[in-house]
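Heads up, the thing below is written out as structure tokens.
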Amino acid sequence: EELSTLLWSENDDAGARKCLRDALYKTRRTAGIDDLFRPEKQIAAFAENIDVTSDVRVFLDSTRLDEAINAYSGEFLSGLSVKDAEEFVTWTRTRRQEYRELFIKKLYKAIEENRNDPNADIDSYARRIIQTDEFDENAYRILMKRFAERGAFNKAVELYNRLLELLEEELGITPDTQ
């Protein structure tokens with residue numbers, strides 16, 4: 001019931017459940033597997049004999065930080081839109097924000113855990129934070145410091161100027177003085 005309401009909120013309960021049954025039927029036919037889903041009426045889940053790997057599951061459940069970080073491939077359900085399903089849109093937006101924030105936390109944790117490892121790719125972690133949140137000044141600082149430590153002062157200044165321009169144009173502010 002929860003899934004049908006989430007996807008077909010514009011329909012009444014009976015109509016939403018019918019749409020879900022139709023969608024599950026079409027999915028089984030498209031996959032060519034009759035027992036794709038568990039036969040329980042109230043639960044829409046894959047049958048136990050169906051092996052499904054989800055990048056979201058790996059991202060959320062992996063005990064290895066590098067594996068979790070590598071599983072994150074961008075915005076949750078990117079490009080997916082469901083017409084007339086406001087509850088689904090709200091749910092998706094909430095999940096996207098939660099996963100994005102968790103991804104950034106995992107990247108910062110990786111930076112912290114690897115800060116003394118000369119072989120760690122901390123630059124890549126900082127860049128991924130910037131790609132995910134272009135206003136995250138701390139990630140810029142980490143990357144600028146790394147450039148300066150390697151004597152690449154021109155890259156550090158170039159990155160600072162990029163941040164300065166971005167913050168002034170988009171938010172009308174300047175970077176923190178740290």
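The values are calculated or read from the model by the stated rules, or taken from the named source; none is laboratory data. Just so you know, these numbers come straight off a predicted model, no measurement behind them. Please note: Cβ atoms are built from the backbone with ideal geometry, for glycine as well, and neighbour counts cover all protein chains shown. For accessibility, only protein heavy atoms count, side chains too; no ligands or nucleic acids. Shrake-Rupley method; radii C 1.70, N 1.55, O 1.52, S 1.80 Å.
Worth pointing out:
- Annotation note: trypsin sites (Lys or Arg not before Pro) in the range 135-178 located in DSSP loop regions with a Cβ neighbour count of at most 15 within 10 Å are Arg150.
- Averaging the sequence gap over all C-alpha pairs within less than 8 Å and six or more residues apart, then dividing by the number of residues, gives the range 4-129 a relative contact order of 20 percent.
- Applying both filters, DSSP loop and at most 14 other Cβ atoms within 10 Å, to the GluC sites (Glu not before Pro) of the range 92-153 gives Glu134.
- Under the combined filter of DSSP loop state and at most 12 neighbouring Cβ atoms within 10 Å, the range 1-102 retains these trypsin sites (Lys or Arg not before Pro): Lys41, Arg64, Lys83.
- Where the range 38-178 is the region considered: accessible area per residue in Å², 1.4 Å probe: 69 Å²
- Quick note on the range 105-157: its Rg to Rh ratio, both from C-alpha atoms and Rh being the Kirkwood radius, is 0.95.
- Dipole moment magnitude, nearest 20 debye, the range 92-157 about Cα centre, only Lys, Arg, Asp, Glu C-beta charged: 160 debye
- When the alpha carbon coordinates of the range 1-112 are projected onto the principal axes, the ranges are 51, 33, 22 Å, largest first.
- Under 27 Å, Cα to Cα: Lys pairs in the chain, sequence gap 8 or more or different chains: 13
- Distance from the C-alpha centroid of the range 31-104 to that of the range 8-28: 19 Å, rounded to the whole angstrom.
- Computed from Cα atoms, the angle from the helix 122-132 axis to the main principal axis of the chain rounds to 60 degrees.
- On Cα atoms only, tilt of 86-113 relative to the major axis of the chain in degrees: 40 degrees
- Seen from a random direction on average, the alpha-carbon convex hull of the range 35-89 projects onto 5.8 square nanometres.
- Highest-fluctuation residue, Ala148, Ala31, Ala68 considered, GNM on the chain with Cα pairs under 10 Å: Ala31
- Within a Gaussian network of the chain (alpha carbon springs, distance under 10 Å), most fluctuating of Thr92, Thr30, Thr63: Thr30
- Summing charges over all other residues whose Cβ lies under 15 Å from the Cβ of Leu80, with Lys and Arg as +1 and Asp and Glu as -1, gives -1.
- Structure remark: mean-square fluctuation, Gaussian network model of the chain, C-alpha springs under 10 Å; the largest value among Ala156, Ala23, Ala126 belongs to Ala23.
- A simple charge model with +1 on the Cβ of Lys and Arg, -1 on the Cβ of Asp and Glu and nothing else charged puts the dipole of the chain at about 420 debye relative to its Cα centre.
- Rounded FRET efficiency, nearest 0.05, which uses the C-beta distance separating Ala23 from Glu75 and R0 of 25 Å: 0.60
- The angle between the Cα long axis of helix 137-149 and the main principal axis of the chain comes to about 50°, on a 0 to 90 degree scale.
- Charge-dipole axis of the chain as Lys and Arg at +1 and Asp and Glu at -1 on Cβ define it, positive-most pick from Ser4, Tyr99, Ile69: Ile69
- Rounded to the nearest 500, the helix-only mean residue ellipticity at 222 nm of the chain stands at -20000 deg cm²/dmol, with each DSSP H run of n ≥ 4 adding -39,500 (n - 2.57).
- Cα gyration tensor shape for the range 39-178, rounded if a/c is under 1.5, else prolate or oblate: oblate
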